[in-house]
1. Would you mind working out the accessible area per residue for the chain, using a 1.4 Å probe, and quoting it in Å²?
2. Express the Stokes-Einstein translational diffusion coefficient of the chain in µm² s⁻¹, to the nearest whole number, given a Kirkwood radius over alpha-carbon pairs, 37 °C and a viscosity of 0.692 mPa s.
3. What is the percent carbon and sulfur in the accessible area of the range 142-250, measuring with a 1.4 Å probe over the protein chains and ignoring ligands?
4. Rounded to the nearest 20 debye, what is the charge dipole size of the range 11-99 about its Cα centre when +1 sits on each Lys and Arg Cβ and -1 on each Asp and Glu Cβ?
5. When the helices in the chain are scored as -39500 (n - 2.57) per DSSP H run of 4 or longer and the sum is shared across all residues, what 222 nm value do you end up with, to the nearest 500 deg cm²/dmol?
6. For the pair residue 48 and residue 204, what calculated FRET efficiency results from E = 1/(1 + (r/R0)^6), where r is the Cβ-Cβ distance and R0 = 45 Å, to the nearest 0.05?
7. Against the longest alpha carbon principal axis of the chain, how many degrees, from 0 to 90 and to the nearest 10, is the axis of helix 94-108 turned?
8. So which chymotrypsin sites (Phe, Trp or Tyr not before Pro) in the range 101-175 end up in coil per DSSP with only 10 or fewer other C-beta atoms within 10 Å?
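The values are calculated or read from the model by the stated rules, or taken from the named source; none is laboratory data. All values reported here derive from a predicted model rather than from experimental measurement. Reconstructed Cβ throughout: ideal geometry from the backbone, glycine too, with neighbour counts over all protein chains shown. We work out accessible area using only protein heavy atoms, side chains counted, and drop any ligands, DNA or RNA first. Shrake-Rupley method; radii C 1.70, N 1.55, O 1.52, S 1.80 Å.
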Amino acid sequence: MILAGSGSGNARLIMADKVLMIGPSTEAWGGIATVEKNIIQAAAMAGRPIRFVPTMRDGSKIGKMIFFAGAYIRIALYDLHRCDVCHIHMALGMSYRRKYLICRIADMRGIPYILHVHEGDFENLYEAMQTSEQRKIRWMLKSASSVIALSDEWKEYLVRKFDLSNVVVLENAVFVPNINDGSHDVSRFLFLGRLCYKKGLDTLLEATSILRKKYPGVEVNIAGGGDEIEAYRSLASKLGVEKNVCFLGW
């Protein structure tokens, strides 16, 4: 089942035979790529394959621009003509600028689109934008047949801030084994995600320094990439937990 409709928040429940999904490459760094892969896999298992077109891949700024230009031409000339609904994954920053162009052309052609909002710092980033940029965000949200929020809290914010009636919640999910018979140790922790301030790495390291006083053997494994990794290595050393924390990388 796919929520879609005629835009402006007038969502209806339909079964879309031809779904076009748009977002970063499934090989890109970040959680959006994982969500995309899981949705594509789940849809295939249900016998409802999804056509996926990546609009961004990791690389230089010029490389990303060239890659998007090619993707946009393909989407405009070919893929939009062959879909019932367009499922668009979006964050803020350059991501929304790319998706704004696609939302515009889909809207002009009467193709309903679903906007899957992944931005974890949406509220702060939106407030820091210029008025003209905020206007684009509001149009994208209000023109979507359906807006997907990642939690009830984010749905409440989107409804309250933008007066939307087209928001549904789809929490991020992963495939897990039916039986998990592995051993567990309550003194071992695992963090998965991009290493940046908004993910709470500072808080995690500070908490580790507190736990270490009572549990000297506490172990925290941090898996993920990011430009701030060296800063967090330094913070771990400053807090005296460098032997308790292992940075595993991407």
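1. Spelled out: the 1.4 Å probe surface of the chain, per residue, equals 58 Å².
2. This corresponds to a translational diffusion coefficient of 163 µm²/s.
3. 53
4. That gives a dipole near 200 debye.
5. -12500 deg cm²/dmol
6. On the way: r = 39 Å, r/R0 = 0.86.
For R0 = 45 Å, the calculated efficiency reads 0.70.
7. With rounding to tens, the tilt is 20 degrees.
8. Working: sites: 113, 122, 126, 139, 154, 157, 162, 175; in loops: 175.
Answer in residue order: 175.
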